[in-house]
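The values are calculated or read from the model by the stated rules, or taken from the named source; none is laboratory data. Small disclaimer: the values here were computed from a predicted structure and weren't measured. Neighbour counts run over all protein chains shown; Cβ positions are idealised from the backbone, glycine included. Each accessible area value is taken on the protein alone, full model and side chains, heavy atoms only, with ligands, DNA and RNA left out. Shrake-Rupley method; radii C 1.70, N 1.55, O 1.52, S 1.80 Å.
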Amino acid sequence: MAAVKIVNFVKRFGEVTAVNNLNLEIYEGEIFGLLGPNGSGKSTTLLTIATVYKPTSGDIYVFEHSVSREGDTVRKFVGIAFQEPKAMWVDTPYELLLWHAMIVGYTSHEAKNVVKETMERLNLWEHRKKQFYQLSGGTRKKLEIAKVMIQRPRLAIFDEPTAQVDVITKHALWDVVREMRDNGSTVIVATNDMFEAEKICERIAIMYRGELRTLGSVKELKDQVPGGDVVEVSFEGDREEAKDALLKLDGIGRYMLGNDKIVAYLNKGEERAAEIVSALMSAGIKVKRIMVQEPTLDDVFFYFTGARLGEG
Amino acid sequence: MEVRDQVRGCLLIAYRDLLRFWKFKHWLFSQIVMNLADVVIFALVFNNIVNRQYIPDYVKFMSTGVLAVSVFASSFSIAREVGAEIRREVVQYLLTLPTSRNAVIAGRIIGGTLRGLIYQTAFIALNLAVVGIPSPKQSVIILYTSFMLAAAMSALAIAITTSTRDFNLQATFRALTYYMLFFFSNVFYPREVLALRFPGALATIVTHTPISLAAEVYRWSFGYSEYINPTALYELTLWAFTLLVTASLLYRRNISGR
Ligand SMILES: Nc1ncnc2c1ncn2[C@@H]1O[C@H](COP(=O)(O)OP(=O)(O)OP(=O)(O)O)[C@@H](O)[C@H]1O
Ligand SMILES: [Mg+2]
């Protein structure tokens, strides 16, 4: 069963089309990353999954229940950490979380324990009595994360959870996300942090201007970037012969030639390294060292969102 | 969703509004003190308005009137937060919780109602001390009146706040309604004075607003006045239900229209 099935989903705000005909399936038990530049429709999609917005057309199914028609049921499964923390200025972290724990189903006794435990884990405990307006930006974000940690929903949504938070909290969150997944939750993380996406997400979708650009595992996405891998060969021998040998191979895009070094851009560099070495050796070139570098997720992102790859 | 979960959710939403209310208690108290100060100053300056012939005992007259004002002011305070939560999108949080929309809406209205009732208890005590002790039957009537008034005012506050998405307009409507209800009532002047001050139709309308109706019931129940409009309780009930339905519809439209 799909945890989330998005079918021909369109969301407009007046004249603005925030999401334009999105189709996407998120599997149960995976950590799914939603990437895309600012304004590409990530938050709009997530807020619709969490039943804040209604689809303009199309629908989204959460564990097979329609967000348009079965909101009450969908909400039993979903917990969301908002991109913009939600609280009134007079609220204090402890009260907020305690109330949250109760409304998601804990008894007041259980609530006290789970809130304390969670706050301690995120280093929030010392801030528990401050008023919301006194909290730093990162601390506010931690409160959002804490809500989902407390709730442990079947579908956990984090909308840019680590924007603004310190590196310690980032690691804590990543651990939490994996724990949740191990305990059976499905997790969706919207992020602009490529390192984070690569670190925790099993599959990634990249959105651009309200549309899905690509979908797959990090590895699959990288392989889709044409000429994305960088293969660097250090050699001894004639550089022109080395060049000719290399260019006889298929799929070599750009290349750069040095006196004892050749750098080529191609796909699936890792798989083709051996081929390159044997081609050079049969041309009488001695290969001293070979290095294969994948494109970064940044490159993938640039490629799918319209920006060009950095010049070699 | 099970009924039990619904009720639990609804009560927790109301509880949240009570917790917040507690933080604003000083604000509210000063609000009422200010209102009362206005009245006293008014009375002193325009001495002829407070005429012995119409108001035999100004203290008792005011104490019973303030019973209605206290419920009104505290129940109405729910409007500010409902409005602020929509403006600052905190309401999105409520919309994602594992409760139904009905539970959210009912919870807010109950929250406002409870604010009114809880706040009023202090003023009930004042009336018991200053005005008189009601009979058991009158006590039940007082309770019923307070409940209806609080529900009506809570609903009115929410209805006004959610009637438009324009926040400036909201605030204007809210302030306007607040002061209209506050001043166009029999809380400060008895119906005889109202009849002298306002043209006929307006005087009639003023005596049939929820606050005036409630004040009249309180004045009778605590034994200050002999007179009671025989249909006051029915009218108040009608007000409450009309406003409850309106508020539910408007709030629902406001939070789920997108
Ligand atoms: N409530 C709203 N009313 C009007 N327009 C909106 C609303 N919410 C989002 N939009 C518009 O919809 C588009 C998508 O916005 P959204 O917040 O979903 O993007 P995002 O991918 O989350 O961006 P970011 O990375 O900046 O968080 C934007 O053009 C935005 O201006
Ligand atoms: Mg966003």
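Things worth noting here:
- Filtered residue count, region B:4-21, keeping only those that are of a type in the set (V, I, T) and surrounded by fewer than 17 Cβ atoms within 10 Å (Cβ to Cβ): 1
- Selection count where residues are outside any strand (DSSP E or B), open to solvent by less than 10 Å² (accessible area, probe 1.4 Å) and within 13 Å of ligand 2 (Cβ to nearest atom), scope region A:154-195: 2
- Selection count where residues are more than 16 Å from ligand 1 (Cβ to nearest atom) and part of a helix (DSSP H, G or I), scope region A:196-237: 10
- Any chance A:V78 is away from ligand 2 (no atom under 16 Å from the Cβ), under 30 Å from A:F304 (Cβ atoms), assigned by TED's automatic domain parsing to the domain that holds A:N123 and over 22 Å from the mean Cα position of the chain (by Cα): no
- Identity of the residue in region A:77-95, closer than 17 Å to B:T96 by Cα and surrounded by fewer than 23 Cβ atoms within 10 Å (Cβ to Cβ), that ends up farthest from ligand 1 (Cβ to nearest atom): A:F77
- Pairing residues of region A:23-46 that are in a loop (DSSP other than H, G, I, E, B) with residues that are of a type in the set (K, R) and more than 9 Å from ligand 1 (Cβ to nearest atom), at Cβ distances under 7 Å and at least 6 apart in sequence or on separate chains, gives A:G29/A:R181; A:E30/A:R203.
- Filtered residues of region A:39-54 (kept if within 23 Å of the chain's Cα centre (by Cα) and more than 9 Å from ligand 1 (Cβ to nearest atom)): A:T48, A:I49, A:A50, A:T51, A:V52
- Of all residues in region A:67-76 being surrounded by fewer than 23 Cβ atoms within 10 Å (Cβ to Cβ) and facing chain B (nearest Cβ under 8 Å), the one that is farthest from B:T96 (Cα to Cα): A:T73
- The test for being surrounded by 18 or more Cβ atoms within 10 Å (Cβ to Cβ), away from ligand 2 (no atom under 16 Å from the Cβ) and farther than 16 Å from A:T186 by Cα does not hold for A:Y53.
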